[in-house]
Amino acid sequence: MFSPFERMVAFRYLRPRRQEGFVSVIAIFSLLGIMLGVATLIIVMSVMNGFRAELLGRILGLNGHISVYAQGNGGIGDYAKIEDEIAKNGNVMLNVPVVEGQVMASKNGRASGAIVRGMRPEDVKKRETIADNIIFGSLDDFKGDDTVIMGARLAMKLGVGVGDTVNLISPKGNVTAFGSVPRVRAYTVAGLFDIGMYEYDSGFIFMPLSAAQVYFRLPEQITHFEVMLNDISSLDDTMDELLGALSEHPLRLVNWQQSNAGFFNALQVERNVMFLILTLIILVAAFNIISGMVMLVKDKGRDIAILRTMGATRQSIMKVFFLAGASIGVLGTISGLIIGVLFCLNIENIRQFIQTLTGTDLFNAEIYFLSQLPADMDVSEVVMVCIMSLTLSFLATVYPAWRASRLDPVEALRYE
């Protein structure tokens with residue numbers, strides 16, 4: 001596509017010379033702009049993907065793909081029959097009856113609000129998000145009517161550990177002649193979990209299902225089912241099938257998308273806006289290429305005229321300047337790709353290093369929900385960023401190269 005003569009002249013024009021210092025500075029800044037733009041886009045998109053994937057994994061690790069509730073505010077009775085009907089669906093992987101309620105957890109004068117989930121011990125063990133993240137204690141001790149497991153951050157707030165007791169205060173108290181008295185009961189902490197999501201680690205307590213039914217006064221009842229699916233892509237079809245199978249019961253079904261719609265929609269909007277904003281960095285760098293190449297064409301007017309008189313065609317001159325400008329875009333894109341990929345692969349180590357250096361918390365778990373900075377590179381997105389950068393760079397060189405090819409050698413030599 002490019003002859004050795006065209007490559008030689010193009011790369012010679014890219015080498016800085018004393019009298020062309022300003023042109024070379026513009027070319028360097030164009031290259032740095034494209035490099036930083038590509039690297040920043042890859043890093044930001046990867047972090048947004050990782051953030052969404054981590055949140056989604058943890059949310060679905062504790063909550064089902066589909067939640068089945070009673071139509072009213074009461075519990076679901078005769079839940080064993082409903083559980084069997086749900087389990088008949090071929091796409092249902094796990095169906096867990098749950099008793100859920102809010103409490104105030106207290107110990108030694110410290111108190112914190114929490115959500116209690118009553119689940120059968122065997123169901124808790126099947127939840128890998130919980131079972132694989134027990135950091136103290138054991139799920140083998142999670143049994144009986146007086147044991148609980150809780151988030152490590154919640155335990156830290158209350159100052160309790162494995163083997164200690166924690167008092168749970170229910171907002172629905174006992175009615176006496178002197179008014180409503182809060183219901184208080186002490187439970188032994190059998191284990192602590194740390195799944196890496198602040199909201200759950202600091203606000204969730206798990207209790208055996210039978211104990212939760214007693215505590216929340218729901219004998220032989222549950223508040224809802226958490227249904228996990230084998231194939232999440234067929235979520236809507238499975239919901240329709242379950243609605244048909246459970247039509248005899250006054251139940252309503254809510255999927256995870258409906259439960260977290262606002263949160264994930266906000267993430268998607270933020271991701272799209274960040275992509276558009278950061279694309280402007282590459283666009284500005286492309287305009288720098290245009291200005292740099294236009295100045296280079298003006299500065300090389302005499303050289304172009306001499307090359308034309310020596311037999312170089314308009315097409316050859318156009319290729320020379322196209323290659324000179326495109327080389328800046330290609331080199332900047334490759335450099336940005338390498339920096340972006342290396343940064344994403346070591347992003348947590350980089351964060352820890354900057355935190356140690358500055359003494360500030362760059363990724364506060366209370367704000368960002370996660371305790372580590374995630375990065376999940378999507379190959380298709382990385383390729384798209386590189387193609388976009390190269391396309392803008394190539395388009396930026398077309399006009400200056402065309403101007404160079406249309407230069408009249410007679411006019412150029414006359415003014416020289």
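At a Förster radius of 56 Å, what calculated FRET efficiency corresponds to the Cβ-Cβ distance of residue 110 and residue 28, to the nearest 0.05?
That pair, residue 110 with residue 28, gives E of 0.45.
Once each part is reduced to its C-alpha centroid, what is the distance from region 131-156 to region 329-347 in angstrom?
43
Mind checking the angle between helix 379-405 and the chain's longest principal axis? C-alpha axes, 0 to 90 degrees, to the nearest 10.
Around 20 degrees separate the two axes.
Return one number: the angle in degrees, 0 to 90 and rounded to the nearest 10, between the long axis of the Cα atoms of helix 261-299 and the longest principal axis of the Cα atoms of the chain.
Taking Cα atoms only, the helix is inclined about 10 degrees.
I'd like to compare 266-276, 320-330: which one has the highest average count of other Cβ atoms within 10 Å, and what's the full order after that?
Descending mean neighbour count gives 320-330, 266-276.
Amide H to amide H, which residues 5 or more places from residue 93 or on other chains are under 5 Å from it, using H placed in the peptide plane?
The answer is 228, 229, 230.
Provide the packing ranking of 204-210, 290-296, i.e. peptides ordered by the mean count of other C-beta atoms within 10 Å per residue, highest first.
204-210, 290-296
Quick one: Karplus J couplings for region 334-348, per residue in order, coefficients 6.51, -1.76, 1.60, θ = phi - 60°, nearest Hz, x for Gly and Pro?
Running phi through 6.51 cos²θ - 1.76 cosθ + 1.60 with θ = phi - 60° gives 5, 4, x, 4, 5, 5, x, 5, 4, 5, 5, 5, 10, 5, 5 Hz.
For the chain, what is the accessible area per residue in Å², given a 1.4 Å probe and the full set of protein chains?
With all protein chains present, the chain gives 51 Å² per residue.
Which of the aspartates and glutamates could be linked to residue 298 by a straight reach, that is with a Cα gap under 17 Å, when you skip same-chain ones fewer than 8 residues away?
20, 408, 411, 416
If one puts a single equal scatterer on every Cα of region 192-233 and applies the Debye formula without solvent, what log₁₀ I(q)/I(0) results at q = 0.19, 0.30 Å⁻¹?
Reported log10 I(q)/I(0), two decimals: -0.83, -0.96.
Cα convex hull of region 261-327: mean projected area in nm², to one decimal?
The orientation-averaged projected area of the Cα hull of region 261-327 comes to 5.8 nm².
When the Kirkwood hydrodynamic radius is evaluated over all pairs of different C-alpha atoms of the chain, what value in angstrom, to one decimal, is obtained?
About 26.4 Å, per the Kirkwood formula over Cα pairs.
Please compute the Kirkwood hydrodynamic radius over region 91-173, one decimal place, Å, based on all pairs of different Cα atoms.
14.0
For the chain, with the dipole built from +1 on Lys and Arg beta-carbon atoms and -1 on Asp and Glu ones, taken about the Cα centre, which of 309, 389, 337 lies farthest toward the positive end?
309
Compute the FRET efficiency between residue 140 and residue 85 as 1/(1 + (r/R0)^6), taking r as their Cβ-Cβ distance and R0 = 25 Å, and round to the nearest 0.05.
0.20
Under a cut-off of 17 Å between alpha-carbon atoms, report the lysines in cross-link reach of residue 126, not counting same-chain residues fewer than 8 places apart.
143
Between residue 360 and residue 8, with labels modelled 7 Å along Cα→Cβ, what's the label distance in nm to one decimal, could you check?
Output for this residue pair reads 5.4 nm.
So how far apart, in nm, are the two label points at residue 233 and residue 156 if each is 7 Å from Cα heading toward Cβ?
4.0
Given points 7 Å out from each Cα along the Cα-Cβ axis, report the residue 271 to residue 249 separation in nanometres with one decimal.
3.4
Provide 129, 313 ordered by accessible surface of protein heavy atoms (probe 1.4 Å), highest first.
313, 129
Let me check against my output: what whole-number percent is the relative contact order of the chain, with C-alpha pairs under 8 Å and at least 6 apart?
29
Using a 1.4 angstrom probe on the protein heavy atoms only, line up 12, 314 by accessible area, largest first.
12, 314
Which value, in debye to the nearest 20, gives the size of the charge dipole of the chain about its Cα centre, when Lys and Arg are +1 and Asp and Glu are -1 at the Cβ?
Its charge dipole is roughly 2240 debye.
The values are calculated or read from the model by the stated rules, or taken from the named source; none is laboratory data. What you see is a predicted model, and the numbers here were worked out from it, not measured in a lab. Backbone-built Cβ (ideal geometry, glycine too); neighbour counts: all protein chains shown. For the accessible areas, the whole protein counts, side chains as well, though only heavy atoms, and no ligand, DNA or RNA atoms are used. Shrake-Rupley method; radii C 1.70, N 1.55, O 1.52, S 1.80 Å.
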